[in-house]
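Each remark here refers to the structure printed beneath this line.
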Amino acid sequence: MDEQTFETLELRDLIGLAARHVQTVPGRGRMQSLRPSTSRAEIQRELEITGECVGFLNARGRFGLSGIEDLSPLVAQLHIEGISLEPKQILAIERLLFIGKEVKELIKGSEASGQFPNLLRISSGIPDLRPLLSSIHGKILPNGEIDDDASPELRIIRKDVAERRHRIHRTLESIFRGQEHAVQEEIITFRNGRFVIPVRTDSRGLIPGVVHGLSSSGQTTFVEPMSVIDQNNDLVRLKEQESIEISRILLSITDALRENVESIKSVLEIVTQLDVAQAKALFANEFKCVSPQISGNKAYRLRDARHLLLENSLRSTGEKPVPISLQLEETHQVLIISGPNAGGKTVVLKTLGLLSLMAQMGFHVPAAEALLPVFDQVFADIGDHQSISANLSTFTAHMRNIASTAQRVQPPALVLLDEVGTGTDPDEGGALAIAIIDFFRHMGATTIASTHYPALKMWASQAEGVQNASVEFDERTLRPTYRLILGIAGASSGLEIARRMQVPEEILHNAKGLLEPSHALAREYLRRMKESLDEQENLRAALEEERTAVADKYSRLESEFAKREESRKKEFESGLARVLDDFKKESSRAVRVIKDHVEAARIKRQAEKQAMDLRRKSAKLQAASDGSRRPGGSTPAEAPDTTEEIREGDRVRVQSLDREGTVESIRDGTYQIMIGALRYRADRLDLVRLGSGHTIAASSTPRSPMVDASPEILTELKVIGLTADEALSRVDKFLDQAFLSGAETVRIIHGHGKGILRNAIAEFLSSHPQVENFALAPPEKGGGGATIVELRK
C-alpha cells in the first residue's frame, strides 16, 4: 500500500479525527504512525483488543492515562552513567510508573469476569515497580522542589537554615529599632545571596557594614551590618550544603531509575499501546461503529455503512449521510456503479476503501454489520489528478495511475476506479474502460468502478463475475437519493440534472432531439427495471414490517408477563420485609424487657448487700459508742453524716465502692452518681455527703507547670500515605491545636493521587467549627496537592 492511496482515501484525516481521544504524547505519536496491517492474525488481535476496550469503557470506565509526556529523551539519558535527571523529569517518570501501576490494578480487578483476556495479557506485562515507586514518591513536590523529608540530612540542613534566617531577621529588626532615623524602610531584603537592609545614603556611616549596592535613585544604600556578616556566612555555607545534598538525592533517584530502565521502557510501551486502544474504542463509541468480521475468502459485505469524514462534517448542520449496503460474493468480485452526476458514486468508492483500511488498522467500522476480507494491496484512482506543472491532463493522470496499478497489482487486492476511461473520445474511453476492468478481473483483484459509459454497463450485465449497481435518482424531485441499489445499472440523467441546474429549456429540448433512439429505449428499459426492483423492495419492506410487528407483539407480551412477575415478586418481597421488620421490632422489645428485669434483679441484690454492709457498720459504731462511755474508754473518731439531705450537684462518697463522685440526678429514692466517666446508681444509705458542689475547689487537680507556656504555633500538617480515617483524625487534632495556639492560616498537604484524601478533607473542613474558609493551595505552595485553611478569629 502506498501513501498516494492513503492520501486519496483521506486516511490521515481519519487518523487525526481518532487522535482527539488519545491522552498521552507517546500515544498521539503512535496513533499518527498507524498503517494498515496485512497479517490476518494481527488484524484479528487488534480488533479484539479494540472490542475489549469498548466493553471495558462501558463497564468500568476509562483508563486514567493523562499527564504522560514524551519520555524517550529521558530514557535515553538514563543509559548514560553519572547523569542526574532534573526534578521535573523525575516527576514525569514517577507519573508514568504510578499510572502503569493503577492501570494494571484496574484491569486486574476485572479478571474474575473473564471478559477482557487481551487487556489482562497486555497489562500483565507491566513490571512490578512498586518498591521503586515508593522509594521516590514524595521526595519531589509537584512544583519540582525537593521535599524536606527527602533525606534526614536535608531535613537537618533546612532546619538550620530556617533557624539561621530567624536569627538574622531578629538581629536586623533590632537595628531597625535602634537606628530608625538612618533606615530608609524597615524592610529586610536579599542581595548577592546575603540579607541586607536599606539605609539612607546620607546616614551610611551610622550603620557599619558591607555595602552591596545602591538603589536606582542613589538615595538608598543596601548594607550588610557587621553584626550579621558571620551569620550570613553561615547561611551561605548551609545553602551550599543544601545544594550538595539535593544533588546527591537526585543522583540517587536517577541511579535507582537507571537500574530499572528496561522495565520503565516496558511500562511506557504498554501504556502507549493501551492509550491507542482506548482511543480506538472511544472513537468507535462516538460514531457507533461495530467490530467487522474478517472473512476467510474474498466475501465482502456491508450493511448501512457510512463515510466517517462526511458524517463528521455534516454534524454541524444536523444532517446525516445516507448509509450504503452492498454484498460481493467470492464469485462476483467486480462491481460497476452507474447513475447521475453528484449521485454519490465517488462517496461509495471512498467509503469502501476507507472502511477496508480502518479494519486492517484495528478500528471498528461505521456500519450496522461488516464482513471484510484482508487485502495486501489497496489502489485508488479517484478524483482529478491533472497537473499543469507536470504537463498532465485529467485523462493522462488517470492513465498513469492505472498503468502503475496494473504493473504492481497482486491479489488479494482492492482496486477502486472513479469514472474509468473518462476524459477522451467516448467510444475509445468506453472500450478502454472495459479492457482495464477486465484486466483486473483476470488478475483476481476485487474491483469497484464508477462509470457513465453505456458500453461498460452492458458489458457488466453480461460478463461472468461482474455485476451492476446504481445510485438512485428520484424522477419526481429530479434529485439523487444517494441510495446504492445492487443488480441494476443506472441512467446518467444528464438532461434532468441540467434542468435542475436551470439550463434553458430550448437547449434541453434540442439535446433530447439529438439523442439516438437506442438511448431512449435503453433508458426506458432501465426505468422499468427500476420500477420492478422498487416493487420488489416495497414487498420485502412490507413483509419485514409485518414480521417486525409480530415480533413486537410477542415482545410486548413477554415484557408484560415479565412486569407482572416482577410486580408479584416485589409484592412478595415487600410483605416478607414487613413480616421480618415486625419480628425484629418484637424481638428487640422482648430483649429490652429481659434486660430490664435482669438489671432490676442485679440492682435489688446490690441494694440488699449494701443494706447489710450498712447494718454491720452501724453495729460497729454503736459498739464503739458504748465502749466510750465506760471508765477508761477511748473516744472514737467522728463518723460521717449519713442523715444529712443530699441534693443534685453535691459531692458524695459511695461507701460500698469507697469512691467519690457527684450527684447527677435523684429519682424515686435512687441517686445517679458520676464517678469519673462512669454512672452508678445507689440508695441514700450507701452515700455520705462530703459537701456542696459549689464549694469544691477548682484547683483540686494539680496544674501543669507548662499551662502558661506559649505553645509552638503549628501551621503545616502532612497526611500523604494515610487512609482517609487516619488523615481526618490527625486533621481534627491539628486544627484544634492550631486554633488554640492562635494560628490564622494553616496548610494541609495531602498530595495529588486520585483525589480521595483531598475530597475527604474538603468535606470534613466544610463543617468544622474552627474553619472560616479553605481552598486549594496556589502553585508555589503545592497546588492541588495541598489545601490552605483560614481559621476563625
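The values are calculated or read from the model by the stated rules, or taken from the named source; none is laboratory data. As the structure is a computational prediction, the values presented were derived from the model and not from experiment. Reconstructed Cβ throughout: ideal geometry from the backbone, glycine too, with neighbour counts over all protein chains shown. Areas reflect the complete protein model, heavy atoms only, side chains present, ligands, DNA and RNA absent. Shrake-Rupley method; radii C 1.70, N 1.55, O 1.52, S 1.80 Å.
The set of residues from region 460-482 being at pLDDT below 80 and under 16 Å from Ala342 (Cα atoms) comprises Glu472, Phe473, Asp474, Glu475, Thr477, Leu478, Arg479, Pro480, Thr481, Tyr482. For region 182-203, which positions are out of contact with any Asp or Glu (no Cβ under 6 Å at 6 or more places or on another chain) and either among the aliphatic types (A, V, I, L, M) or in contact (Cβ under 8 Å) with a residue 40 or more places away in the chain (or both)? If the condition is that a residue be out of contact with any Asp or Glu (no Cβ under 6 Å at 6 or more places or on another chain) and either among the aliphatic types (A, V, I, L, M) or in contact (Cβ under 8 Å) with a residue 40 or more places away in the chain (or both), then Ala182, Val183, Ile187, Ile188, Gly193, Phe195, Ile197, Val199 are the ones that fit. The residue that is most open to solvent (accessible area, probe 1.4 Å), counting only those in region 2-27 that are within 14 Å of Leu357 (Cα to Cα) and not in a helix (DSSP H, G or I), is Glu10. Looking at Thr317, Thr272 in this structure, which one is among the β-branched types (Val, Ile, Thr) and more than 27 Å from the chain's Cα centre (by Cα)? Unique residue meeting the criteria: Thr317. Is it the case, given these coordinates, that Glu664 is open to solvent by 50 Å² or more (accessible area, probe 1.4 Å), out of contact with any Leu (no Cβ under 8 Å at 6 or more places or on another chain) and modelled with pLDDT of 80 or more? For Glu664, the condition - open to solvent by 50 Å² or more (accessible area, probe 1.4 Å), out of contact with any Leu (no Cβ under 8 Å at 6 or more places or on another chain) and modelled with pLDDT of 80 or more - is met. Scanning region 139-170 for residues that are in contact with a helix residue (DSSP H, G or I) (Cβ under 7 Å, 6 or more places away or on another chain) and open to solvent by less than 30 Å² (accessible area, probe 1.4 Å) turns up Ile140, Gly144, Ile146, Ala150, Ser151, Leu154, Ile157, Val161, Ile168.
You will find that of Ile434, Ile497, the residue that is out of contact with any strand residue (DSSP E or B) (no Cβ under 7 Å at 6 or more places or on another chain), within 20 Å of Thr346 (Cα to Cα) and modelled with pLDDT of 90 or more is Ile434 and no other. Exactly one residue among Phe379, Phe375 is modelled with pLDDT of 90 or more, in a loop (DSSP other than H, G, I, E, B) and within 47 Å of the chain's Cα centre (by Cα), and that residue is Phe375.
Here is the figure for region 224-239: residues that are touching a Gly at 6+ places or on another chain (Cβ under 9 Å) and either open to solvent by 20 Å² or more (accessible area, probe 1.4 Å) or of a type in the set (Gly, Ala, Ser) (or both) total 5. Taking the conditions (1) closer than 23 Å to Ser295 by Cβ; (2) part of a helix (DSSP H, G or I); (3) open to solvent by 20 Å² or more (accessible area, probe 1.4 Å); (4) touching a strand residue (DSSP E or B) at 6+ places or on another chain (Cβ under 9 Å) in turn, Trp459 satisfies each one other than (1). When Phe583, Phe561 are screened for being modelled with pLDDT of 85 or more, open to solvent by 90 Å² or more (accessible area, probe 1.4 Å) and more than 30 Å from Arg681 (Cβ to Cβ), only Phe561 passes. Return the residue satisfying two criteria in turn: it lies in region 21-48 and is within 20 Å of the chain's Cα centre (by Cα) and touching a residue at least 40 places away in the same chain (Cβ under 8 Å), and of such residues it is nearest to Phe287 (Cα to Cα). Residue satisfying both the conditions and the ranking: His21. Close Cβ contacts (under 6 Å, 6 or more residues apart or on different chains) running from residues in region 204-223 that are surrounded by 12 or more Cβ atoms within 10 Å (Cβ to Cβ) to residues that are of a type in the set (Gly, Ala, Ser) and modelled with pLDDT under 85 comprise Leu206/Ala182; Ile207/Ala182. Strands (runs of 3 or more DSSP E) fully within region 184-229 that include at least 2 residues being within 53 Å of the chain's Cα centre (by Cα) and under 17 Å from His166 (Cβ atoms): 189-191, 194-200. Scanning region 650-661 for residues that are modelled with pLDDT under 85 and in contact with a Gly (Cβ under 7 Å, 6 or more places away or on another chain) gives a single hit, Val654. Considering only region 36-63, state which residues are outside any helix (DSSP H, G or I) and surrounded by 13 or more Cβ atoms within 10 Å (Cβ to Cβ). Of everything in region 36-63, those that are outside any helix (DSSP H, G or I) and surrounded by 13 or more Cβ atoms within 10 Å (Cβ to Cβ) turn out to be Pro36, Ser37, Thr38, Arg62, Phe63.
Counting only residues that are closer than 18 Å to Arg653 by Cα, hydroxyl-bearing (Ser, Thr, Tyr) and either modelled with pLDDT of 80 or more or open to solvent by 50 Å² or more (accessible area, probe 1.4 Å) (or both), region 667-700 holds 4 of them. Quick check on region 408-429. Is at least one of its residues at positive phi, surrounded by fewer than 20 Cβ atoms within 10 Å (Cβ to Cβ), touching a Pro at 6+ places or on another chain (Cβ under 6 Å) and outside any helix (DSSP H, G or I)? Scanning region 408-429, I find no residue that is at positive phi, surrounded by fewer than 20 Cβ atoms within 10 Å (Cβ to Cβ), touching a Pro at 6+ places or on another chain (Cβ under 6 Å) and outside any helix (DSSP H, G or I), so the answer is no. Just so you know, in region 80-99 the residues that are at negative phi and part of a loop (DSSP other than H, G, I, E, B) include one that is least open to solvent (accessible area, probe 1.4 Å), and it is Leu85. Of all the criteria given as (1) in a helix (DSSP H, G or I); (2) within 19 Å of the chain's Cα centre (by Cα), the one not satisfied by Gln77 is (2). Number of residues in region 251-269 that are touching a residue at least 40 places away in the same chain (Cβ under 8 Å) and open to solvent by 20 Å² or more (accessible area, probe 1.4 Å) equals 8. Across region 439-456, the number of residues qualifying as under 53 Å from the mean Cα position of the chain (by Cα) and either surrounded by fewer than 20 Cβ atoms within 10 Å (Cβ to Cβ) or among the small types (Gly, Ala, Ser) (or both) comes to 6.
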